[in-house]
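Here is the structure we will look at.
Read the figures in this text as sums done on the coordinates, not as results from a lab. These figures come from a predicted structure and were not determined experimentally. Note: ideal-geometry Cβ built from the backbone for every residue, glycine included; neighbour counts use all protein chains shown.
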Amino acid sequence: MSRIKPQPGILDIELYVGGTSTVAGVSDVVKLSSNENPLGSSDEIKRAHAKTSVGLNRYPNTDHADLRAAIAEVHGLDAARVICGVGSDEVLQFVTQAYAGVGDEIIYTEHGFSMYPILARMVGAKPVKVAERERTVDVDAILAACTKKTRIVFIANPANPTGTMIGASEVARLADGLPEGAILVHDGAYTEYVDGFDGGAALVGARDNVVMTRTFSKIYGLGGLRVGWGYAPQEIIDVLNRLRQPFNLSTVQLALAEAAVRDQAWVDRCRAENAKQRAWLAEALAELGVPSDTSTANFILARFADRAEAEACDDYLKSQGVIVRRVAGYGLPNCLRITVGDESGCRRVAHAIGQFKDGAR
């Protein structure tokens, strides 16, 4: 037996499985499994991309100054307190590496993003799963689960895969109730889908124990680019930057992300279109006997009678070239997460679910 051993917790990690994008034997496929923006990225991003072929022999800027300045300008933040990463996942990883380790506890909610327990185990900390209330973050349950070993509390708000969210006053109550030395990480990957929502920026500005994260992978249509960012008190940012690789983002990533954040007209258009199609899809499925909670993101969580019906529906959808996401791994075996596509995609998935329900009668 090899004497070379990984750090505690690493072998307990279950590998992350992304949404599939193909169906064997089916060519006309609509992918509604990964919460991608069906409208893609804006023309401004495409124009910026065309310019990035010049100077690829040069290393990128290590301080991300232009991108951080653009983020700060658009969102009214302090650029010095912005950190950029390879997706918001990397920023979450920085926080975990910096502030938790063996013997510590990291809290996440029962239907929370699957990366949270992975990050905890990565550093040898104990992941502590806390119950939600009707698929919504329960602040009282989280506070009751906190101990002197609690170092980080992760919440996604809006949440994935449920689409639910809690208000700013509840998030503030959570932050204020944490044990001394614990950090609240407000994961806001779907922030832009909520009109007027600051993603937790005001909370960060008023407290020393809150970190917020955002991404360019969702509404900006840049999932393939992998860029995210975080905002935190200066003391925390100074720590996280000691973990960040100096060249973690390429010249192309930096240029395109800057173009994206400055094109807020595109964000507004995508938000409006998503809201329109999301409402239509939720209502269409409800009429078929498939309910969902009010979603504040770019997907809905369709609820079926039981696991067997959900899996049978998923199998039927695949046969029709429609790919959605099973979420049994999130503790929701009777549900399917369905990305809000364009009008054609939404009508196609609703029609296919209608056919499935008719055939099951």
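A few comments on the model shown:
- Magnitude of the charge dipole for the stretch 229-361, about its Cα centre and with charges confined to Cβ atoms of Lys, Arg (+1) and Asp, Glu (-1), is about 160 debye.
- Residue with peak Gaussian network fluctuation, the chain [Cα springs, cutoff 10 Å], from 330, 193, 59: 59
- Using a simple spin-label model with pseudo-atoms 7 Å out from Cα toward Cβ, residue 347 and residue 287 lie 1.3 nm apart.
- Total lysine pairs whose alpha carbons fall under 25 Å of each other in the stretch 58-263 (8 or more apart, or interchain): 4
- Aspartates and glutamates with Cα under 20 Å of residue 276, excluding same-chain neighbours fewer than 8 positions away: 36, 192, 195, 268, 287, 293, 342, 343
- Among 102-110, 243-251, the peptide with the highest mean count of other Cβ atoms within 10 Å heads the list, and the full ranking is 102-110, 243-251.
- When DSSP beta bridges are restricted to pairs lying wholly in the stretch 165-312, around 50% turn out antiparallel.
- If both residues of a DSSP beta bridge must be in the chain, then about 45% of such bridges are antiparallel.
- Computed over the stretch 261-310, Cα set: Rg, Dmax in Å: 14.0, 46
- Residues with amide H under 5 Å from that of residue 293, placed H, sequence gap 5 or more: 301
- The modelled label-to-label distance between residue 62 and residue 110, using points 7 Å beyond Cα along the C-beta direction, is 4.8 nm.
- Of the Cα atoms belonging to the chain, the radius of gyration and Dmax stand at 20.7, 63 Å.
- Whole-number Å³ per residue for the convex hull built on Cα positions in the stretch 282-336: 88
- Per-residue Cβ neighbour rank within 10 angstrom, fewest leading, 169, 319, 88, 42: 169, 319, 42, 88
- The relative contact order of the chain, computed from alpha carbon pairs under 8 Å that lie at least 6 residues apart in sequence, is 23 percent.
- Among 202, 186, 336 the positive-end extreme of the charge dipole of the chain (Cβ point charges): 336
- The stretch 289-357, relative contact order in percent, only Cα pairs under 8 angstrom and at least six apart counted: 32
- Check: the stretch 147-216 dipole with +1 on Lys, Arg Cβ and -1 on Asp, Glu Cβ, in debye: 340
- Shape box of the stretch 58-263 [Cα atoms, principal axes, largest first, Å]: 50, 36, 30
- Lys, Arg +1 and Asp, Glu -1 on Cβ, resulting dipole of the chain about Cα centre, debye, nearest 20: 860
- Distance between the C-alpha centres of the stretch 109-151 and the stretch 159-211: 14 Å, rounded to the whole angstrom.
- Taking 337, 173, 325 as the candidate residues, the one with maximal mean-square fluctuation in a Gaussian network model of the chain, Cα springs under 10 Å, is 173.
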